[in-house]
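The structure appears right after this line, and notes come after that.
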Amino acid sequence: MPSQNKMLRWLDKLNNRLKEDLERDRIPVSEASKSIIVYCNTTPDYMVPSVWGAAPSVLGEVREEPAPQKPGLKGRFTKLFKRRGSRS
């Protein structure tokens, strides 16, 4: 008897979940695909500068050139990375 009650509760929960799935709005795949294509063609992706150009500065932020490194640091880092197995 207890196993039948468990099974009945499980089936009832499953039935409710399936009903919720049926109530969910759906659109055809072709419509969803068109929507994705429009989004990709109209939303700039600045990680692809060859297509969209450089990213505009945010809130008037001025981009600064990176600070020059002290002489000799580059050699130390490349030696360190070569020791760790870098193949450069």
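All of the numbers you see were taken from the coordinates with simple rules; none came from a lab. This structure is a prediction, so every number in the text was calculated from the model and none was measured. When we count neighbours, we look across all protein chains shown, and the Cβ atoms used for this are built from the backbone with ideal geometry, even at glycine.
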- Item | Under the Karplus curve 6.51 cos²θ - 1.76 cosθ + 1.60, θ = phi - 60°, whole-Hz ³J(HN,Hα) for segment 6-19, x wherever Gly or Pro sits | 4, 5, 5, 5, 4, 5, 5, 5, 4, 4, 5, 5, 5, 5
- Item | Cα→Cβ-extended label distance, 7 Å offset, between M47 and E31, nm | 3.0 nm
